[in-house]
Structures are given as structure tokens and as C-alpha cells.
């Protein structure tokens, strides 16, 4: 498809960071959480604190891959009226103040309700660069991500149970990067040492894209274990958990992001 011939802003950004001696830090925030009125300011502060990529999760009532922390933030966001339209407004405001990659992450059901073509059009007009929809299987990839998504990075996931042939297929379909899930289970769980061999295997199999590792990464030590075997890391639950215990200045969360970014320097 023509989208595959378009230079990926996300992968180029990761490549430049890697060449400069850094692995990238991607930080996940739930749209509109914890305070819908200052979410844009929070997102920009997170980027200023060291996040290289911002993943914004649009809330859904049944987030299958998310652990209890992100599920709770999603429920709170829904309760506060956060939806895709508001999320796109946030992205537009954030984009005015940063050139760093912005990726939307969520589930297929809200996208189908919103309209696939409308969703793709709004990604482009908002200034977002890519999308992660973890419950769209690769067998349905071409039907879901139609030509409306040309020029938008479609980031796919590999898990501990993904066989070698499927990893290669996912690498071929994905753009921007491949999201390597480090553990079996949901986000926010910890079982790092057991899965380092898997990460090393996948690093060798993913040849078209950069590979970022996520799920269960919460501190500098976690990052230091993974960064030899990937191009960057994704942190979500640890940041959301910190936000849950913060006042409106989010100083502790910003300090956490700073420390996580420090750990990504090679």
C-alpha cells in the first residue's frame, strides 16, 4: 500500500535517538486522566521531563490487555466524559507545542463505533502519527486498516506466545515500531528475568522495524535489563499509578519520568 512507502516519522525519530546514543522512552497516558481540564499541560510536561514518545489511550469499558491500574484510569476517564472526540482535541493542542511522536492506543470497538474512515481522517488532522489497536488480529489487519490509514503508522504487538513465523509476519505488516510485550498477562505485572531470552529472540527476528518493549516496566533497573535487547521501552502502569497518588502539580510523576529517561542512555 502507498502508506508503506511514506517515511515514518516515528521510526525516523527512534533511529535518530538510537544513533545519538539513547534508547527511546515512550510514556502511556490515559486520555483526560487524572484531570480532564489540565491533561494537555500534563502531557506536555511529561514530554519535557524526558518522554520521547507519547502514547494516549482512549478509554474503553473492557480493556482486555490492561491491568487493574490502567483499567481504573480508563473507567475514571469514561466517568468524566472522555471519548475519542475529546481525545483528538487534546492531540491537536499537544501537537501545537511539540514535534515528538504521538500515538493513539485503544480498542477496536470504539473505533468501529466512531467509524474507521473518520477515525483515520481525525488521526491525520489532529497531528497524531500512529495507532495501536491490540485487539485487531493480524488476519484482519488489511480489512481494518484500509487505505484511509495510508501515512499513519500501524503498530502491532508480539507476545511471549507469538511463534517465529508470526513475529516475522507482524514485523512485515507493522510500521513505526513493533511493540514487544515482555510478559504473558496484562500490563503492570512483573516477571522480567524469565522473559529476557524471549526478548533477545525477538530482537533477532524483527528486522524491518525498531522494537520497543513494554508491559511490567516500572523503574530504572527494569529498563537497564531490557535496553541491550531493544530500541526503547514503554512505561504505562507505573506512570498512571504515580498520577493516582499525586496532587495537581504532578511533581513526583515528572521526577519518575526524568529518572526513567536517564536509564535509557546507552
Note: among 160, 134, just one is within 17 Å of residue 105 (Cα to Cα) and part of a loop (DSSP other than H, G, I, E, B), namely 134
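Applying the selection to the stretch 207-218, what residues are within 18 Å of the chain's Cα centre (by Cα) and at pLDDT 95 or above? Spell out how you get there, then give the answer.
Taking the stretch 207-218 first, the residues within 18 Å of the chain's Cα centre (by Cα) are 209-218.
Result: 209, 210, 211, 212, 213.
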Note on the stretch 196-235: residues over 16 Å from residue 263 (Cα atoms), surrounded by 20 or more Cβ atoms within 10 Å (Cβ to Cβ) and out of contact with any helix residue (DSSP H, G or I) (no Cβ under 8 Å at 6 or more places or on another chain) are 198, 215
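Residues to consider are 51, 43; find the one that is assigned to a loop (DSSP other than H, G, I, E, B), modelled with pLDDT of 95 or more and buried (at least 23 other Cβ atoms within 10 Å of the Cβ). Outline the logic, then answer.
Numbers: 43 fails: assigned to a loop (DSSP other than H, G, I, E, B).
On inspection, the qualifying residue turns out to be 51.
Taking the condition of being assigned to a loop (DSSP other than H, G, I, E, B), at pLDDT 90 or above and either loosely packed, with under 15 Cβ neighbours inside 10 Å or in contact with a helix residue (DSSP H, G or I) (Cβ under 8 Å, 6 or more places away or on another chain) (or both), how many residues in the stretch 168-195 meet it?
Residues of the stretch 168-195 assigned to a loop (DSSP other than H, G, I, E, B): 174-177, 182-191.
Subsequent filtering for residues that are at pLDDT 90 or above retains 174-177.
After this cut, where a residue has to be either loosely packed, with under 15 Cβ neighbours inside 10 Å or in contact with a helix residue (DSSP H, G or I) (Cβ under 8 Å, 6 or more places away or on another chain) (or both) as well, the list is 175-177.
The qualifying residues number 3.
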Any residue at all in the stretch 139-153 that's touching a residue at least 40 places away in the same chain (Cβ under 8 Å), surrounded by 15 or more Cβ atoms within 10 Å (Cβ to Cβ) and part of a helix (DSSP H, G or I)?
yes
Out of (1) surrounded by fewer than 20 Cβ atoms within 10 Å (Cβ to Cβ); (2) in contact with a helix residue (DSSP H, G or I) (Cβ under 7 Å, 6 or more places away or on another chain); (3) modelled with pLDDT under 95, the one residue 259 does not meet is (3)
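Of all residues in the stretch 93-106, which are more than 10 Å from residue 132 (Cβ to Cβ) and surrounded by 15 or more Cβ atoms within 10 Å (Cβ to Cβ)? I'd like the intermediate steps shown before the answer.
Residues of the stretch 93-106 that are more than 10 Å from residue 132 (Cβ to Cβ), as a first pass: 93-102.
Matches in the stretch 93-106: 93, 94, 95, 98, 100, 101, 102.
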In the stretch 222-254, residues that are touching a residue at least 12 places away in the same chain (Cβ under 8 Å) and over 17 Å from the mean Cα position of the chain (by Cα) total 12
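Being under 18 Å from the mean Cα position of the chain (by Cα), crowded, with 21+ Cβ neighbours inside 10 Å and either modelled with pLDDT under 95 or farther than 25 Å from residue 248 by Cβ (or both) narrows it down to one residue among 68, 59; which is it?
On the way: 68 fails: crowded, with 21+ Cβ neighbours inside 10 Å.
Sole residue among the options that is under 18 Å from the mean Cα position of the chain (by Cα), crowded, with 21+ Cβ neighbours inside 10 Å and either modelled with pLDDT under 95 or farther than 25 Å from residue 248 by Cβ (or both): 59.
Residue-by-condition table, conditions (1) over 20 Å from residue 12 (Cα atoms); (2) outside any loop (DSSP other than H, G, I, E, B); (3) in contact (Cβ under 8 Å) with a residue 60 or more places away in the chain; (4) in contact with a strand residue (DSSP E or B) (Cβ under 7 Å, 6 or more places away or on another chain):
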| residue | (1), (2), (3), (4) |
| --- | --- |
| 55 | no, yes, yes, yes |
| 93 | yes, yes, no, no |
| 100 | no, no, yes, yes |
| 124 | no, yes, no, no |
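The values are calculated or read from the model by the stated rules, or taken from the named source; none is laboratory data. Computed from a predicted model, the values in this text were never measured in an experiment. As a convention, Cβ positions derive from the backbone with ideal geometry for all residues, glycine included, and neighbour counts pool all protein chains shown.
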